[in-house]
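These notes are about the structure you will find just below.
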Amino acid sequence: MNAEIGALIVTAIGISCLHTVTGPDHYVPFIAISKARNWSLTKTIWWTIVCGIGHVGSSIVLGFLGILLGWQLSKLTGLEDVRGGIASWALLAFGTLYLIYGIRQAYLNRAHKHFDVYDDNSVYVYEHKHGEMPVYPQKRTKVTPWILFIIFVLGPCEPLIPLLTFPAVQQSTGGIILIASVFTIFTLITMVSMVLLGYYGFAFLQTGKIERYVHVIGGASITICGVGMVFLGW
């Protein structure tokens, strides 16, 4: 394993863990629906893993966009001998674009999914913006396990696109599989860990405020990784 892939693995671990911890929607609904329906710990973990796989699976599908872009870059005539440099520049470019996207998302403060337990002891999901006071929404959907699964499948993690671009440019199938596997494993580990903490009554830090800037942090992490590869010889 070369230094570049090692740096990408560290970045993938950091982003997958941070993305999960700072997004209460990755674990709060499982804790809430588990307590509302008196689920066993085994059933709670099972649905967490199933939804987590759906979430990461859709992220990997989205990541194939990065793979396709990488393959196209790798086929440019006359660049075969500098493929490693092109891969690093591609990572830096896509990381910067993702950082800009994250800043825009944080500025626009678009509505996102929010979960709450109401008087009938059921879990509901509805649209909510950061900084708004929670209200009893008129447009809400009662959450069942399969609805939760669909929500996770339709909510992929965008940072996987630039992370997969680098090994794609290098035409490294092993690197693509390794990065995708690391991202998947650590996302699932973090989701299950947070659900276990909540299941046993441990309080969480107030991560909701950080959630608004998770794309900014992810983009900055990938950009820093790209800068290190291009200019610092990582």
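Taking the criterion of being in contact (Cβ under 8 Å) with a residue 40 or more places away in the chain, of a type outside the set (Val, Ile, Thr), surrounded by fewer than 24 Cβ atoms within 10 Å (Cβ to Cβ) and closer than 24 Å to HIS55 by Cβ, the residues of region 163-184 that qualify are GLY175, LEU178, ALA180. The test for being within 19 Å of the chain's Cα centre (by Cα), modelled with pLDDT of 85 or more and more than 20 Å from LYS35 (Cα to Cα) does not hold for ILE161. If I filter region 8-34 down to residues being among the β-branched types (Val, Ile, Thr) and buried (at least 24 other Cβ atoms within 10 Å of the Cβ), which single residue comes out as farthest from THR187 (Cα to Cα)? Among those that are among the β-branched types (Val, Ile, Thr) and buried (at least 24 other Cβ atoms within 10 Å of the Cβ), it is ILE31.
The values are calculated or read from the model by the stated rules, or taken from the named source; none is laboratory data. Only a predicted model underlies this, so the values are computations on that prediction, with no experimental measurement involved. Backbone-built Cβ (ideal geometry, glycine too); neighbour counts: all protein chains shown.
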